[in-house]
1. Treat every Asp and Glu Cβ in region 1-55 as -1 and every Lys and Arg Cβ as +1, leave all other atoms uncharged, and give the resulting dipole magnitude about the Cα centre to the nearest 20 debye.
2. Using amide H atoms built 1.01 Å from N in the peptide plane, name the residues 5+ places from PHE178, or on other chains, whose amide H lies under 5 Å from its own.
3. Just PRO67, PRO127, PRO157 to compare: in a GNM of the chain, with alpha carbon springs under 10 Å, which one fluctuates most?
4. Treating the angle as unsigned and between 0 and 90°, give the value, to the nearest 10°, between the Cα long axis of helix 192-211 and the longest Cα principal axis of the chain.
5. Can you give me the relative contact order of region 113-187 as a percent, contacts being Cα pairs under 8 Å and 6 or more apart?
6. Computed FRET efficiency, Cβ-Cβ of THR255 and THR90, R0 22 Å: what is it to the nearest 0.05?
7. Under the √(5λ) rule applied to the eigenvalues of the Cα gyration tensor, what semi-axes describe the equivalent ellipsoid of region 135-207? Give them in Å, descending.
8. Quote the Stokes-Einstein diffusion coefficient, in whole µm² s⁻¹, for region 11-52, based on the Kirkwood radius over alpha carbon pairs, a temperature of 10 °C and a viscosity of 1.306 mPa s.
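All of the numbers you see were taken from the coordinates with simple rules; none came from a lab. Just so it is clear, the model here is predicted, and its values are computed rather than measured. Cβ: placed from backbone, ideal geometry, glycine included. Neighbour counts: every protein chain shown.
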Amino acid sequence: MTLRIGRIAYLNVAPYFHYLHGEDFTGEIVSGVPSGLNAMLAEGTIDACPSSSYEYALHADDYFLLPGHSISSVGPVHSVLLFTPGPLHTLMGTEIAITGESATSINLLKILLHEFCGIDDVSFKVPRGEVEELLNNGQSALLIGDRALAAARDCPPNFQMTDLGALWYHFTGVPFVFALWILRREAVIKSPNEISLLAEQLHASRNHAFRNMPEMATQLSDRTGFSAEQLEAYWRGMSYDLSDGHIEGLRLYFTLCHKHGLLEKIPDFHFFPAA
């Protein structure tokens, strides 16, 4: 079986993918935004993906998780940012523009506002036009991924930027896991050897990336609009582990999603290989 794996079209996944073919990965890579790849994973049109933590929670019985890997933050994440024309308490009764690209980040924002900031009268809307245009016109907006990095660089004067990773860590003291390496259950059953090989290749690619980060950053800087120094600082500020602390953060996130009506139930964790 040839594996089809999804690749989020964001810079934060580069440590997993930049050297992956050099580790003899021969499967197919499908790029997309988190919401699109979540749908493909749920439909079974891809076998594995560094996908939304919230997607795992919705369909946990259909999935396994690769141990040891995530896309997380222990403090600031720098690419999941809420832009507001004033302090957070002024959001009451307002609307926040969102892209709809990541349910994990949108639900994280809802939890932070409702659970920790006491702000429950806020609406969220995916606009017809670009979120950045509304932001430039003075509206509050949530941006994620490379668009958040770019907006931070070009933020309108007098706007406040709130890093959701930093805010979560401030209130909870645990990491926030934005994405997990999720495996379709069918792929695990049909092709356990290929999945084991993929796990080894991802680990090797990630290690290669961190050993050669200045080289990778230089190679990607010209096509991204960010300097090599900015890219290296961004990647080194992320957490790509899945430790006990990360699992604790995930459990808390899922528990709060359930508390606030965003999840019907708190999911169990199913890791590959199954015990």
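1. For this selection, approximately 140 debye.
2. ILE71, SER72, SER73
3. In the Gaussian network model the winner is PRO157.
4. Computed tilt is about 60 degrees.
5. Details: 21 pairs, mean separation 11.7, N = 75.
About 16 percent, as a whole number.
6. 0.15
7. After scaling each eigenvalue by five and taking roots: 38, 15, 12 Å.
8. Using the Kirkwood radius from Cα pairs, D works out to 142 µm²/s.
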